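Undergrad: The following block contains the structure, expressed as structure tokens.
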Amino acid sequence: MTKPGQAGCGTYAITVRGVAGPSVRAAFDDAQLSVVDDTTVMRRADTDQAALHGLLHRIQDLGLEVIDVHLERVEVA
């Protein structure tokens, strides 16, 4: 968590149910995707809250089921 007055970005990991096919991979070409068992983990570095919400909206638009969202690390500017 950043302190008030500090701009911070982080690396978010979003896990969705299922294995990402070519169309999902193309929709998230700005994120690193990896398959773990029957899930896909999307990681995106230098992500602020607005960008995180954008990713979540794209996930919703594709009808993907979110299993987990977490912040892996924070970079403070």
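Only the coordinates and a few stated rules stand behind these numbers; no lab work does. Values in this document were obtained by computation on a predicted structure and should not be read as measured data. Note that each Cβ is placed from the backbone with ideal geometry, even for glycine, and that neighbours are counted across all protein chains shown.
Undergrad: Yes or no: ARG25 basic (Lys, Arg), surrounded by 12 or more Cβ atoms within 10 Å (Cβ to Cβ) and more than 11 Å from the chain's Cα centre (by Cα)?
TA: yes
Undergrad: Collect the residues in the stretch 35-52 that are surrounded by 11 or more Cβ atoms within 10 Å (Cβ to Cβ), under 18 Å from GLY10 (Cβ atoms) and not charged (D, E, K, R), keeping them in residue-number order.
TA: VAL41, MET42, ALA45, THR47, GLN49, ALA51, LEU52 - these are the residues of the stretch 35-52 that are surrounded by 11 or more Cβ atoms within 10 Å (Cβ to Cβ), under 18 Å from GLY10 (Cβ atoms) and not charged (D, E, K, R).
Undergrad: For the stretch 12-69, give me the residue count where each residue is among the acidic types (Asp, Glu) and either assigned to a loop (DSSP other than H, G, I, E, B) or touching a Leu at 6+ places or on another chain (Cβ under 8 Å) (or both). Talk me through it step by step, then tell me what you get.
TA: Our first condition is that a residue be among the acidic types (Asp, Glu); within the stretch 12-69, this holds for 29-30, 37-38, 46, 48, 61, 65, 68.
Imposing the further condition that a residue be either assigned to a loop (DSSP other than H, G, I, E, B) or touching a Leu at 6+ places or on another chain (Cβ under 8 Å) (or both) reduces the set to 29-30, 37-38, 48, 65.
Total satisfying the criteria: 6.
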